[in-house]
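Here's the structure, in structure tokens; my notes come after.
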């Protein structure tokens, strides 16, 4: 799924405003997934690689990851 560059820029801005590295963001997304009962999350380095792609606007996060982003960033789903 192709992403809008605006979404990617927004995701990066939100992460950087919190002074989180991509790896820290990945760990936080994984924690939210685990609390939600999702036991099928990839390793942190794989999620961090996806974050890099999402922030560049090359692809868009799936609905699953969008929901985890909302919970992690404190935004309504």
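The values are calculated or read from the model by the stated rules, or taken from the named source; none is laboratory data. Predicted model only: the values in this text are computed from it and were never measured. No Cβ is skipped: glycine too gets one built from the backbone with ideal geometry, and neighbour counts run over all protein chains shown.
Here are a few things to note about the model shown:
- Checked against (1) modelled with pLDDT of 95 or more; (2) assigned to a helix (DSSP H, G or I), residue 20 meets all criteria but (2).
- Residue 25 being within 17 Å of residue 70 (Cβ to Cβ) and either modelled with pLDDT under 95 or in a helix (DSSP H, G or I) (or both): yes
- The set of residues in region 44-59 being surrounded by fewer than 18 Cβ atoms within 10 Å (Cβ to Cβ), part of a helix (DSSP H, G or I) and in contact (Cβ under 8 Å) with a residue 40 or more places away in the chain consists of 56 alone.
- Filtering region 68-77 to residues that are assigned to a helix (DSSP H, G or I) and either without any contact (Cβ under 8 Å) to a residue 12 or more places away in the chain or touching a strand residue (DSSP E or B) at 6+ places or on another chain (Cβ under 6 Å) (or both) leaves only 70.
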